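Here's the structure we're looking at; comments come further down.
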Amino acid sequence: MKRTKHILFCLIFALLSGQEYKETIAMTDIMSTGLSEVGTQQFFDMLESGLVNLGAFNVTTGNIRDKALKEVKFQQSGCVDQKCAAEVGAFLGANVMIIPNISFVKDQKDLTLTLKLVDVETASIKTALTKEVKVTRVKEISNYLPDYLFELFSQYINTNP
């Protein structure tokens, strides 16, 4: 109830001030299989850019997240579950955390991507999306990512009116 009143207040304030209200989102580490460290970082960067370009959230970038967590010596490495995501999100002032999971089987050209949106206040998964595509390189996911993020955000909006 408290969160609903806060969101309602922000929406009214945004309407009166001519600005739109956006929730703040941050990302956990990426759980990946079949990707090199460089490939995982490339995917992280693509996903972060996709979130920014979507324009639906205020995005806390990975650099800001890492710097803030380092300052308080919070061990975030390996944080890929919803409870940990909620703890990190609360520390960062995020409303929503995204937990990405990517698996790539190069010889079969199979890439599976799962994105989960976690409510920081409740540590519950609000919506999730899993997609499978045929690609020869992980970079090719950038062709699909904008549509996947839009679909994920649309599901989120529909489940969080």
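Among the listed pairs K109/K139; K83/K116; K83/K134; K109/K131; K83/K106, those whose Cα-Cα separation exceeds 20 Å are K83/K134; K83/K106.
Summing charges over all other residues whose Cβ lies under 10 Å from the Cβ of F57, with Lys and Arg as +1 and Asp and Glu as -1, gives 0.
Ordered from largest to smallest accessible area (heavy atoms of protein chains, 1.4 Å probe), the residues F153, F43 come out as F153, F43.
The values are calculated or read from the model by the stated rules, or taken from the named source; none is laboratory data. These numbers were taken from a predicted model, which means no experiment stands behind them. Glycine gets a Cβ as well: all are built from the backbone with ideal geometry, and neighbour counts include every protein chain shown. Surface areas here come from the heavy atoms of the whole protein model, side chains and all, with no ligands, DNA or RNA. Shrake-Rupley method; radii C 1.70, N 1.55, O 1.52, S 1.80 Å.
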